[in-house]
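A quick write-up on the structure given underneath.
The values are calculated or read from the model by the stated rules, or taken from the named source; none is laboratory data. Predicted, not measured: the structure shown is a model, and the values here were computed from it. Reconstructed Cβ throughout: ideal geometry from the backbone, glycine too, with neighbour counts over all protein chains shown.
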Amino acid sequence: MKKFNLSILLWAVTLMCLHAQSFSDEKSYTFDVSQLDLLRVHNKDGQVKVKGTTGSRATLRVKRTIKSANLQKLAAAKTEIFLDSVNLDGELMFFIQSPDYQLEINEDGRAYYNSYQNNWSDKRQKFHKVKTTFSIELEVPEQTVLYMSTHREDLIVQNIKADVLAENHHGSLYLEKIGGNVQAHTHHGDIKLNLTKVPTRDAIFSTHHGNIKVNFPDNLAANVELKTRHGEFYTDFDYQTKAMPVSLNTSKKGTKYKIGGGTHISIGRGGPKLNFETYHGSIYLLK
């Protein structure tokens, strides 16, 4: 019986070794952002952390980790899956290069990764069952306009005085001490935002499975639309409730009236339209 147990143990250890093949490396990039209109970082699987600094040069550090039980796929992934960059018309963009998907940009400038097989788990993909993650840290001058995104894990931005667009899917957004206008979108995560200046443009803050919590300066002035299905609305600000917008559509069958959903309020003297949307979560507008 003891010999049998030892054999089982050795077999289990062998399996663990087969499934523990991994590779990791690190790279660093230093570059001038003084002439840039926009700096983009589009990660796919892995955390993105951004910190604002003084000066005109930025430093990006990336740690790449690749895991696979297939040694041939592991070796191939080292050369075929990596962080790439391109500079076009005043926009410097870092993105993930892979044979199985590519970054696409819509006409409005929004970016997303598109799988060639239309199914991220499709076994026809070259690197099916190869797990690759990129952990990215960026130190950037605080006046740099940013578009930061990842698909999995959290995205953190701190001490930026310019505009920020932040996107995620399987993770939360943590934006602290932001002095510009913000757009924030995720799906499976929370949005936590601390603004040091009152918004001057319309903005949307949206998630599906999470709470939205935003701290504003005391002198906030905005028109606000709030939508949640399974949550509540909390605020430190005095506000006035506004009537829901009504639109009409006239056709041969008659006139149809459509009443907009959500809660509409005005804070202060009113101002930009701030749209907050969640489904399984609550919304907090705090001082």
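A few points about this structure:
- Test: residue in the range 211-231 that is among the charged types (D, E, K, R), within 20 Å of the chain's Cα centre (by Cα) and assigned to a loop (DSSP other than H, G, I, E, B): no
- When the range 150-170 is filtered for residues that are at positive phi and not polar (S, T, N, Q), only GLU153 remains.
- Candidate set from the range 48-74 (those that are modelled with pLDDT of 95 or more and among the small types (Gly, Ala, Ser)); member that is nearest to the chain's Cα centre (by Cα): GLY52
- Answer residue from the range 245-265, given it is aliphatic (A, V, I, L, M) and loosely packed, with under 13 Cβ neighbours inside 10 Å and is modelled with the lowest pLDDT among those: ILE259
- Residue satisfying condition, being of a type in the set (A, V, I, L, M), exposed (fewer than 15 other Cβ atoms within 10 Å of the Cβ) and more than 26 Å from LYS177 (Cα to Cα), within set LEU88, LEU83, LEU74: LEU88
- Among the residues of the range 167-199, those that are touching a Ser or Thr at 6+ places or on another chain (Cβ under 7 Å), under 16 Å from VAL145 (Cβ atoms) and buried (at least 20 other Cβ atoms within 10 Å of the Cβ) comprise GLU167, ILE178.
- Evaluation of ASP108 against (1) of a type outside the set (A, V, I, L, M, F, W, C); (2) in a strand (DSSP E or B); (3) under 28 Å from ASP37 (Cβ atoms) (one fails), failing number: (2)
- Criterion: farther than 24 Å from SER115 by Cα, assigned to a loop (DSSP other than H, G, I, E, B) and not hydrophobic (A, V, I, L, M, F, W, C) - qualifying residue of SER28, SER34: SER34
- Residue within the range 182-199 that is over 23 Å from PRO272 (Cβ atoms), hydroxyl-bearing (Ser, Thr, Tyr) and modelled with pLDDT of 95 or more present: no
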